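This report concerns only the one structure given below.
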Amino acid sequence: MSASKTSKSGSVLIVGGGIGGMQAALDLADSGFKVHMVQRDTSVGGTMVMLDKTFPTGDCAMCMISPKMVEVGRHLNIDIHTLSEVTSVSGQSGDFTVKVKKAARYVDPAKCTGCGDCETKCPKKVPSEFDQQLGPRKAVFSLFPQAVPNTRAIDASICLCLTDPQRKRCRLCEKACKANAIIFEDTEKELELKVGSIILGPGLSLYDARVRPELGLGRWPNVVSSIQFERILSASGPYKGVVQRPSDRKHPVKVAWIQCVGSRDNHNANPWCSSVCCMYATKQSIIAKEHDKTIEPTVFYMEMRAFGKDFDKYVERAKNDYGVKYRRAMVSAVREEPGTGNLVLRYAGEDGKLTNETFDMVVLSVGFEPHKDAAEFAKTFGIEMNEYRFAKTSHFTPVKTSRDGVFVTGIYQGPKDIPDTVMQGSGVAGSVMALLAEARGTETVKKELPPEKDVAGEAPRIGVFVCHCGTNISSTVEIDQVVESIKKEKGVTYVTNTIYACAQDNQDMIKQTIKDQNLNRVVIASCTPRTHEKLFQETIREAGLNKYLFDLADIREQCSWCHKGQNEVATKKAITIVKMAVAKSRLQEPLKSETVGVTPAALIIGGGVAGMTSALTLADQGFPVHIIEKEPELGGLARNLYRSLDGSDVRQFLASKIAEVKAHSRI
């Protein structure tokens, strides 16, 4: 449909670059809508990029989110506006005008190569917000090594040059930058965007446990918050994944987790359950034990809320396979033992008896809450908040705000875990697609790829990239041994190792290496092809190679995970698997992808609330839908309900939904 035939804009504004916002952005951009993503940090990624692993699978968090970050960063129909905030919104659903304030970056993103020379030379250090004050960062910095965009920024509040009225001090970063990307004269800018709809996913704040001085955060060095412990566990964190106490870098043995800090408490805290703390404490205790077998984890809890798929199995695994102790007790105080840095917990058990117990380290499982500026944020977008400062929505339309055309996703709608955030990101994208269906394809551009290099008749020139996957692979597989073993293989021209092969900077490195080394085939030894094969295929295609001249050697699931603790066996197997991939690569030839016609219609099995909602979302976009339901009536289990938790009339909602489905011409 041409732009002249619709009054609605085919662009969407997404505020927040976390996992939910990125999922919505990719769904929309892949479906023919232009996306503008506004992010107040220097990189997209949100909170998830700070995590070491995810529950209950134990997947590397960075390995899960990095492909999405790379895809968002390289997508032609997604514009990322970092260091930016929305200042005003006017207009109506389908036709909003949004003004965005973009802070000065002091580094030209068009010139910056991400080499880091400026950061190396910068003399000014401050505690890193990303590493939760446990490690330093420079005045010129990248938020984290896998940041997207992979461009440095300068913190004007601490830069020696920018805090000098004459701007003559230091300037070492400017001298070190070979690309001439430093711009000390940079200024704040204002953008005006025309969009048809707005999605709000600004993320979360963590409860500040310093409000509870009796628990010791900020008083005793070896009391840390749960997000600080994530950075301690992370291979890219301040301690490189080695579990250490902040006070003396000793390896703790007895580690305690205190649950519900800032949640389910009306006194100096929040009354709601944050929904993830029981599970992330379980995950952290398991991962800590995997990092250091001497650790003895104890979790102090009120109730275990392991409600998700396989969550209860995960808790039982922690107890039975890792020796994690769960104590139902209320901790009243944490105090430091003089001279040792150890911590004495005073708690009341189920029998009411008061007990003192000494631990080497304490982790406070802090809950989620809206950002401190949530009220001002809601005012900017003209939406209502609920009593807890989350966006006001209903149980029946959980992604719709009080303003037409403005939607919400992620924790700004309410506390939830990563899978639920991803699902809601796709859900809100579907709602926007239905709203703006007539404007689909009016503001997008098509990707143009370089011509494929003709490798017919060439001898194989194989590049092999072996990934550490943080510590997911390297804690079990000796990466250097794998690299050395592959160097002499027939057809191998180039071999190297990388921390995260899927990160944006390493994707760029792979493309550049293909050109520099004149490679005509690529093997990447990393994690599963289920999540990463498409990403790597697109990367080599962008470098001019046929995407089928790529092979992935899975040395995570096949080696490090199934042979954990058996380093010699895992390494030997990894070498064999990579050699097999190289042998296969030698024989690979370019292939052409055939296309088949797509029938633009959907079949939905199940006519409950979820099935009917999906049917209406698709039908409103113009697609014919068929619903198959085995019962005589639509409605599913909701037919047995009368009221929701907030008192809303389920029967009335269901009758309305069924009538809407039956009346829709495309269903």
**Prompt:** Is there any pair with a first residue in the stretch 521-548 that is in a loop (DSSP other than H, G, I, E, B) and a second that is buried (at least 19 other Cβ atoms within 10 Å of the Cβ) and not β-branched (Val, Ile, Thr) whose Cβ atoms are under 6 Å apart and which are 6 or more apart or on different chains, and what are they?
**Reply:** Cys527/Cys63; Cys527/Cys469; Cys527/Arg556; Thr528/Asp554
**Asked** What are the residues in the stretch 270-314 that are of a type in the set (A, V, I, L, M) and closer than 23 Å to Gly352 by Cβ, if any?
**Response** Val299, Met302, Met304
**Asked** Does Thr471 qualify as being part of a loop (DSSP other than H, G, I, E, B), within 30 Å of Ile14 (Cα to Cα), open to solvent by 10 Å² or more (accessible area, probe 1.4 Å) and of a type in the set (Ser, Thr, Tyr)?
**Response** no
**Message:** Give me the residue from the stretch 615-636 that is among the aliphatic types (A, V, I, L, M) and out of contact with any Leu (no Cβ under 6 Å at 6 or more places or on another chain) and, out of that set, farthest from Lys657 (Cα to Cα).
**Reply:** Ile628
**Request:** From Arg328, Arg335, grab the single residue that is surrounded by fewer than 18 Cβ atoms within 10 Å (Cβ to Cβ), among the charged types (D, E, K, R), over 19 Å from Gly216 (Cβ atoms) and more than 30 Å from the chain's Cα centre (by Cα).
**Result:** Arg328
**Request:** Output the qualifying pairs, or none if there are none: Cβ atoms under 9 angstrom, residues six or more apart or on different chains, first residue in the stretch 569-591 and within 16 Å of Lys547 (Cβ to Cβ) and open to solvent by 80 Å² or more (accessible area, probe 1.4 Å), second residue part of a helix (DSSP H, G or I) and of a type in the set (A, V, I, L, M, F, W, C).
**Result:** Glu589/Leu549; Leu591/Leu549
**Message:** I need the strands (runs of 3 or more DSSP E) fully contained in the stretch 28-131, keeping only those with at least 2 residues that are of a type in the set (Ser, Thr, Tyr).
**Reply:** 84-92
**Asked** Which of the residues spanning the stretch 367-398 are of a type outside the set (Lys, Arg), assigned to a loop (DSSP other than H, G, I, E, B) and touching a residue at least 24 places away in the same chain (Cβ under 8 Å)?
**Response** Gly367, Pro370, His371, Gly382, Ile383, Tyr388, Phe390, Ser394, His395, Phe396, Pro398
**Prompt:** Being crowded, with 23+ Cβ neighbours inside 10 Å and either more than 29 Å from Lys372 (Cα to Cα) or not acidic (Asp, Glu) (or both), is that true of even one residue in the stretch 302-314?
**Reply:** no
**Asked** Going through the stretch 638-659 one residue at a time, which ones are of a type outside the set (A, V, I, L, M), over 15 Å from Ala610 (Cβ atoms), open to solvent by less than 100 Å² (accessible area, probe 1.4 Å) and in a helix (DSSP H, G or I)?
**Response** Ser656
**Prompt:** Can you name the residue in the stretch 399-454 that is in a loop (DSSP other than H, G, I, E, B) and free of Cβ contacts under 8 Å to residues at least 12 places away in the same chain and is also farthest from Asp30 (Cα to Cα) among such residues?
**Reply:** Asp454
**Request:** Kindly state which strands (runs of 3 or more DSSP E) lie completely within the stretch 139-245 and contain at least 1 residues that are open to solvent by 10 Å² or more (accessible area, probe 1.4 Å), within 28 Å of Thr282 (Cα to Cα) and small (Gly, Ala, Ser).
**Result:** 223-225
**Message:** Among (1) assigned to a strand (DSSP E or B); (2) within 22 Å of Cys277 (Cα to Cα), there is one condition Lys313 misses while meeting the rest; what is its number?
**Reply:** (1)
**Asked** On the given criteria, is Cys278 touching a Lys or Arg at 6+ places or on another chain (Cβ under 6 Å) and either in contact (Cβ under 8 Å) with a residue 12 or more places away in the chain or surrounded by fewer than 22 Cβ atoms within 10 Å (Cβ to Cβ) (or both)?
**Response** yes
**Restricting the stretch 617-664 to residues that are hydroxyl-bearing (Ser, Thr, Tyr) and touching a residue at least 24 places away in the same chain (Cβ under 8 Å), the residue that is nearest to Val399 (Cα to Cα)** = Thr617
**Message:** So for the stretch 357-364 (the condition being under 27 Å from the mean Cα position of the chain (by Cα), outside any loop (DSSP other than H, G, I, E, B) and closer than 30 Å to Val650 by Cα), does at least one residue qualify?
**Reply:** no
**Message:** Going residue by residue through the stretch 607-623, is there one that turns out to be on the phi < 0 side of the Ramachandran plot, modelled with pLDDT of 95 or more and open to solvent by 80 Å² or more (accessible area, probe 1.4 Å)?
**Reply:** no
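The values are calculated or read from the model by the stated rules, or taken from the named source; none is laboratory data. In this text, all values refer to a predicted model and were calculated from it rather than measured experimentally. Backbone-built Cβ (ideal geometry, glycine too); neighbour counts: all protein chains shown. All accessible areas refer to the heavy atoms of the entire protein, side chains included, with ligands and DNA or RNA removed. Shrake-Rupley method; radii C 1.70, N 1.55, O 1.52, S 1.80 Å.
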